[in-house]
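Here is the structure we will look at.
Every read-out reported here was derived from the displayed coordinates using simple, explicitly stated rules and does not represent laboratory data. Just so it is clear, the structure is predicted and the values come from calculations on it, not from any experiment. As a convention, Cβ positions derive from the backbone with ideal geometry for all residues, glycine included, and neighbour counts pool all protein chains shown.
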Amino acid sequence: MNEKGGSLLLAEFDAKFPYDYSAGRYASYFLKQLRDHKRIMGIRCPKCQKVFVPPRPACGYCFVKNGAWVDMGDEGTLWGYTVVQFPFLDPMTGVERPIPYGYGFIALKGAATRLQHFVTASDLNKLRIGMRMKAVFKEERAGNMLD
Ligand SMILES: [Zn+2]
């Protein structure tokens with residue numbers, strides 16, 4: 001029963017999706033830099049100078065191919081966030097993520113875009129828009145956004 005008195009449909013099954021796919025040239029470079037050097041890389045538009053993180057092949061403002069890679073550092077500002085209270089399967093792991101947890105948009109210094117990621121503080125109730133954030137890298141990195 002849900003909170004409105006209705007029933008939820010529940011279907012249990014095992015599913016296997018045995019495939020790999022390429023992240024593409026730009027995302028692959030981004031993920032390799034995370035994994036191998038703990039670097040968050042953006043890419044700069046040669047025309048308007050906007051920097052995009054995560055990187056994308058072309059500038060959506062100027063419609064030109066992006067050019068130079070930029071090391072964004074590991075600090076930013078919390079631009080928006082939510083504290084997730086409802087359990088659901090984490091698409092990165094296929095298992096339910098323990099709740100509550102924070103998820104936010106981080107503005108890295110110099111970036112024209114916001115990086116979405118899990119966010120935390122000593123207490124989730126202390127998360128505030130505008131607070132300084134620092135990336136925490138795993139010791140054992142696998143080349144994905146959870147690194
Ligand atoms: Zn541009």
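Pick from Met133, Met92, Met72: which residue has the top mean-square fluctuation in a GNM of the chain where Cα pairs under 10 Å get a spring? Top of the fluctuation ranking is Met92.
Computed from point charges on the beta carbon alone (+1 for Lys and Arg, -1 for Asp and Glu), the dipole magnitude for the range 74-138 about its Cα centre is near 240 Debye.
For the chain, a Gaussian network of Cα nodes joined below 10 Å ranks Phe17, Phe137, Phe118 by mean-square fluctuation, and the top entry is Phe17. Taking the chain as a Gaussian network, where each spring joins two C-alpha atoms under 10 Å apart, which residue of Asp36, Asp90, Asp71 fluctuates the most? Among Asp36, Asp90, Asp71, the largest GNM mean-square fluctuation belongs to Asp90. Only beta bridges with both residues in the range 74-138 are counted; by DSSP, about 100 percent of them are antiparallel. For the pair the range 38-75 / the range 3-36, the C-alpha centres are spaced 25 Å from each other.
Computed from Cα positions, the angle between helix 25-37 and the longest principal axis of the chain comes to roughly 80 degrees. Pairs of Lys residues in the chain that lie 8 or more places apart, or on two chains, and have C-alpha atoms under 29 angstrom apart add up to 27.
Our analysis of the chain gives Rg over Rh at 1.04, with the two radii drawn from alpha carbon positions and Rh computed by the Kirkwood formula. For the range 21-73, a simple Cβ point-charge model (Lys and Arg +1, Asp and Glu -1, everything else neutral) yields a dipole of about 60 debye relative to the Cα centre. The fewest-to-most ranking of Arg132, Arg114 by surrounding Cβ atoms within 10 Å reads Arg132, Arg114. Rg/Rh for the range 21-73 (Cα atoms only, Rh after Kirkwood) is 0.98.
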